[in-house]
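Novice: Take a look at the following structure, please.
The values are calculated or read from the model by the stated rules, or taken from the named source; none is laboratory data. Since the model is a prediction, treat every value here as computed from it, not as a measurement. A quick note on method: Cβ atoms are made from the backbone with ideal geometry, for glycine too, and the neighbour counts reach across all protein chains shown.
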Ligand SMILES: Nc1ncnc2c1ncn2[C@@H]1O[C@H](COP(=O)(O)OP(=O)(O)OP(=O)(O)O)[C@@H](O)[C@H]1O
């Protein structure tokens, strides 16, 4: 571990997760250096969400370890935002009993300037006083992003942010991911988005890491094409 003590960012070391007899993650290692956009792809059931859940402390691995800046990191869901880690949810996931602004203020931990800046960044400030349920789906996805950005996270975990969005919205999302100062971990099925924004991509198949590389390397990897791109592209 001594060589890793100078390792900035998040790292997963040999993570294995079993659900009964099912091997959901099989010896997965990944480094997420500051400022990078790292994608995690793979077919349905490959273990992407489980990997996110390990980072968030919802799932405890049977073996392996996490480090943050080279130091042991034992994630606990309620302490994540304090460690600078924020996750968006699949779908929209807002409280409909609260206004858009109030939802985003939860992310901002009540710092109004951060909440408004995030609403403006996501171009939904004009809807601040409406309920999320009154907005179209794409706008609610933007509110969910604003909620996450309002925390000014060091590491932003995006869980299928393109789901249900049209081409223009996905283009907007790609710009947002490229522009953010946060380190980004992206689980996504939309290959064009993944290939256009990621610096590095981890490919999982039945819990096994089968490739790790730049978009170009992943595109030309035969094993990936066989396991995933061939069926999903
Ligand atoms: N809590 C759990 N208990 C039992 N099995 C689980 C649990 N969570 C996930 N699994 C199983 O672990 C495997 C990996 O699931 P996971 O949701 O991580 O895959 P995924 O890559 O995110 O899939 P998708 O693209 O469909 O969201 C699947 O076979 C799933 O059924």
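Novice: For residue 203, indicate whether it is modelled with pLDDT of 95 or more and under 13 Å from the mean Cα position of the chain (by Cα).
Specialist: Criteria not met by residue 203.
Novice: So residue 64 clears everything in (1) modelled with pLDDT of 95 or more; (2) away from the ligand (no atom under 15 Å from the Cβ); (3) buried (at least 20 other Cβ atoms within 10 Å of the Cβ) except one condition, right? Which one?
Specialist: Looking at each condition in turn, residue 64 falls short on (3).
Novice: Would you confirm, using the coordinates I've provided, whether residue 152 is more than 13 Å from the chain's Cα centre (by Cα) and surrounded by 15 or more Cβ atoms within 10 Å (Cβ to Cβ)?
Specialist: yes
Novice: When you look at residue 181, is it closer than 24 Å to residue 88 by Cα and away from the ligand (no atom under 16 Å from the Cβ), yes or no?
Specialist: Yes: the conditions hold for residue 181.
Novice: Here are the criteria: (1) in contact (Cβ under 8 Å) with a residue 40 or more places away in the chain; (2) part of a helix (DSSP H, G or I); (3) within 16 Å of the ligand (Cβ to nearest atom); (4) touching a helix residue (DSSP H, G or I) at 6+ places or on another chain (Cβ under 7 Å). Tell me which single one residue 193 does not satisfy.
Specialist: Against the list (1) in contact (Cβ under 8 Å) with a residue 40 or more places away in the chain; (2) part of a helix (DSSP H, G or I); (3) within 16 Å of the ligand (Cβ to nearest atom); (4) touching a helix residue (DSSP H, G or I) at 6+ places or on another chain (Cβ under 7 Å), residue 193 comes up short only on (1).
Novice: Provide a single number: the residues in segment 26-60 that are part of a loop (DSSP other than H, G, I, E, B) and buried (at least 20 other Cβ atoms within 10 Å of the Cβ).
Specialist: 3
Novice: In addition: List every residue pair whose Cβ atoms sit under 6 Å apart, with the two residues 6 or more apart in sequence or on different chains, where the first one lies in segment 201-217 and is part of a strand (DSSP E or B) and the second, anywhere, is surrounded by fewer than 17 Cβ atoms within 10 Å (Cβ to Cβ).
Specialist: Once the first residue is part of a strand (DSSP E or B) and sits in segment 201-217, its partners that are surrounded by fewer than 17 Cβ atoms within 10 Å (Cβ to Cβ) give 210/223.
Novice: Pick out the one residue from 159, 168 that is within 16 Å of the chain's Cα centre (by Cα), more than 15 Å from residue 105 (Cβ to Cβ) and either within 16 Å of the ligand (Cβ to nearest atom) or surrounded by fewer than 24 Cβ atoms within 10 Å (Cβ to Cβ) (or both).
Specialist: Of the residues listed, the single one that is within 16 Å of the chain's Cα centre (by Cα), more than 15 Å from residue 105 (Cβ to Cβ) and either within 16 Å of the ligand (Cβ to nearest atom) or surrounded by fewer than 24 Cβ atoms within 10 Å (Cβ to Cβ) (or both) is 159.
Novice: Can residue 15 be described as touching a residue at least 12 places away in the same chain (Cβ under 8 Å), under 16 Å from the mean Cα position of the chain (by Cα) and within 13 Å of the ligand (Cβ to nearest atom)?
Specialist: Answer is no for this residue.
Novice: Something else: I'd like to check something: does segment 73-95 contain any residue that is within 15 Å of residue 14 (Cα to Cα), out of contact with any helix residue (DSSP H, G or I) (no Cβ under 6 Å at 6 or more places or on another chain) and either part of a loop (DSSP other than H, G, I, E, B) or within 16 Å of the ligand (Cβ to nearest atom) (or both)?
Specialist: yes
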